[in-house]
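Undergrad: Quick one: this structure, given as structure tokens, is what I'll be asking you about.
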Amino acid sequence: VYAKDIVFEGCLLDNGVFDHAMMTGAKFDSCFLSGSSFIKTNLTEARFWNNFAFQANFMGAQITRAVIRRGIVMDS
């Protein structure tokens, strides 16, 4: 998936699979990302604001200059 500068606002993305995607500049605002997978996803300059990400998987993801502000990010 190539989704440069894509915007997700107020979305229910639980268990979403974004593995190996190119999502530079993506914006996730006020989303539910529980159980979502971003394995080896390019999230350079992505913005995660006010999200709930319980057990989301960012293994091997590129998060250079990404911003995580407000919200909950928990492994387990």
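We did not get these values from a lab; they are worked out from the coordinates using the rules stated. Just so it is clear, the model here is predicted, and its values are computed rather than measured. Glycine also receives a Cβ, built like all others from the backbone with ideal geometry; neighbour counts cover every protein chain displayed.
Undergrad: Where in the chain lies the longest segment free of trypsin sites (Lys or Arg not before Pro) that are both loop residues by DSSP (not H, G, I, E, B) and have at most 16 other Cβ atoms within 10 Å?
TA: 5-39
Undergrad: Only bridges with both residues in the chain count here: give the DSSP antiparallel percent, nearest 5.
TA: 0
Undergrad: Quick check for me: using +1 on Lys/Arg Cβ and -1 on Asp/Glu Cβ, what's the dipole size of region 19-76 about its Cα centre, in debye to the nearest 20?
TA: Magnitude of the dipole: close to 180 debye.
Undergrad: Let me ask you something else. Rounded to a whole number, what is D in µm²/s for the chain from Stokes-Einstein with the Kirkwood radius over alpha-carbon pairs (4 °C, 1.567 mPa s)?
TA: For these conditions, the coefficient is 110 µm²/s.
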